[in-house]
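*Asks:* Take a look at this one; I'll ask things after.
The values are calculated or read from the model by the stated rules, or taken from the named source; none is laboratory data. Just so you know, these numbers come straight off a predicted model, no measurement behind them. FYI the Cβ positions are ideal-geometry reconstructions off the backbone, even for glycines, and counts take in every protein chain you see.
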Amino acid sequence: MASDARPARTPAQRDRTTSMDAATRRELARRALDGYVTGPAAPVRATANAMTRVDNALTVVLVEGISDQIAVETAATCRGRDLDAERVAVVPIGGAHAIGRFLATLGPLATRVRLAGLCDRHEEEVFRRGLTASHVGAPRTRADLERLGFYVCVEDLEDELIRAVGAARVEALFDSQGDLGSFRTLQNQPAWRGRRPEAQMRRFLGSGSHRKSRYARLLVETAVGRDVLPRPLAALLTAI
């Protein structure tokens, strides 16, 4: 009896990427960053734009950079929340080491609004010192930080999202954006060949113009759709 099974695909067939011209890729990238500043001055402009909402805010969420801001705001929108209407301002402070300076800039306002935030594991101590120095609290442990409304990502938010979504679906996202070929190139580099796919993906997101910010929205939308939003991000949304 003849078998109905299809012949196994070759590695080349399995890795065949979707054909996509440069104009389409640019348009997909533009959509992923719609509503957010881009360009060399983006970090400074993003902080300045967010600060215009702080004076009227009831809650101020401190995050390290633009990709974290996009992730928080996308997660809130996907869960049916309107942070502007709730008077929640998500502020990218330009790196964890800026927290003390940022809290000093807030001045007395820091005691009148609810503060919350998100940081990477390697910056946890920096956030603790900044909050303590600014008399927001005296967190000595991660549990203390969470009681204040601050949550820690391991290793960072990109790593949390990659693990939550899963390597196969992250690859599918890369393919949908015309980036799978570039990712394969990174995988074949001597320094990254044979490494865990999750580590390769984290490195890939950290390279390339605006790639981390672009995929922040896409990964969060996928995570919310599958109800696998990483705990630090989900807990932050509950806290605010």
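To keep it simple, each residue is scored yes or no on (1) modelled with pLDDT of 90 or more; (2) assigned to a loop (DSSP other than H, G, I, E, B); (3) of a type in the set (A, V, I, L, M).
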| site | (1), (2), (3) |
| --- | --- |
| ARG53 | no, yes, no |
| ALA57 | yes, yes, yes |
| GLN69 | yes, no, no |
| VAL72 | yes, no, yes |
| ALA75 | yes, no, yes |
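*Asks:* Quick one: would you say GLU86 is under 20 Å from LEU218 (Cα atoms), of a type in the set (D, E, K, R) and modelled with pLDDT of 85 or more?
*Replies:* The answer is no for GLU86.
*Asks:* Looking at ALA116, is it under 17 Å from ALA239 (Cβ atoms) and touching a residue at least 12 places away in the same chain (Cβ under 8 Å)?
*Replies:* Taking the combined requirement at face value, the residue satisfies it.
*Asks:* Looking at (1) closer than 30 Å to THR185 by Cβ; (2) touching a strand residue (DSSP E or B) at 6+ places or on another chain (Cβ under 8 Å); (3) buried (at least 21 other Cβ atoms within 10 Å of the Cβ), which is the one condition that is false for LEU118?
*Replies:* So LEU118 meets the others, but not (1).
*Asks:* Pull out all pairs, ordered by first then second residue, where Cβ-Cβ is under 6 Å, the residues are six or more apart or on different chains, the first lies in the range 222-240 and is within 21 Å of LEU148 (Cβ to Cβ), and the second is of a type in the set (S, T, N, Q) and outside any helix (DSSP H, G or I).
*Replies:* That search, which allows pairs on different chains as well, returns ILE240/THR59.
*Asks:* Restricted to the range 55-84, and to residues that are in contact (Cβ under 8 Å) with a residue 40 or more places away in the chain and out of contact with any helix residue (DSSP H, G or I) (no Cβ under 8 Å at 6 or more places or on another chain), which residue is nearest to ASP120 (Cα to Cα)?
*Replies:* Only one residue tops the list, namely THR59.
*Asks:* Check LEU219, LEU229, LEU180, LEU236 and return the single one that is of a type in the set (A, V, I, L, M) and farther than 20 Å from CYS119 by Cα.
*Replies:* Being of a type in the set (A, V, I, L, M) and farther than 20 Å from CYS119 by Cα holds for just one of LEU219, LEU229, LEU180, LEU236, which is LEU180.
*Asks:* How many of the residues in the range 213-234 are within 20 Å of ALA46 (Cα to Cα) and among the hydroxyl-bearing types (Ser, Thr, Tyr)?
*Replies:* Total satisfying the criteria: 2.
*Asks:* Could I ask something else about it? Only one of GLY130, GLY100, GLY94 is over 22 Å from VAL228 (Cα atoms), touching a Pro at 6+ places or on another chain (Cβ under 7 Å), touching a residue at least 12 places away in the same chain (Cβ under 8 Å) and crowded, with 16+ Cβ neighbours inside 10 Å. Can you tell me which?
*Replies:* GLY94
*Asks:* Continuing with this model, one more query. Any idea which of (1) surrounded by fewer than 20 Cβ atoms within 10 Å (Cβ to Cβ); (2) under 16 Å from ASP68 (Cα atoms); (3) without any contact (Cβ under 8 Å) to a residue 40 or more places away in the chain is the one GLU123 doesn't satisfy?
*Replies:* (3)
*Asks:* Something else: I'd like to check which helices (runs of 4 or more DSSP H) are fully inside the range 135-212 and have at least 3 residues that are within 18 Å of the chain's Cα centre (by Cα) and under 20 Å from ARG121 (Cα atoms).
*Replies:* 157-165, 197-205
*Asks:* Of all residues in the range 115-158, which are in contact with a helix residue (DSSP H, G or I) (Cβ under 6 Å, 6 or more places away or on another chain) and of a type in the set (D, E, K, R)?
*Replies:* Listed by number, the residues that qualify are GLU123, GLU155, GLU158.
*Asks:* Being aliphatic (A, V, I, L, M), assigned to a loop (DSSP other than H, G, I, E, B) and over 17 Å from ALA57 (Cβ atoms) is the filter here, so list the residues in the range 93-124 that pass it.
*Replies:* none
*Asks:* Ok, one more. Can you tell which of ARG128, ARG142 is in contact with a strand residue (DSSP E or B) (Cβ under 7 Å, 6 or more places away or on another chain) and either over 30 Å from ALA22 (Cβ atoms) or hydrophobic (A, V, I, L, M, F, W, C) (or both)?
*Replies:* Sole residue among the options that is in contact with a strand residue (DSSP E or B) (Cβ under 7 Å, 6 or more places away or on another chain) and either over 30 Å from ALA22 (Cβ atoms) or hydrophobic (A, V, I, L, M, F, W, C) (or both): ARG142.
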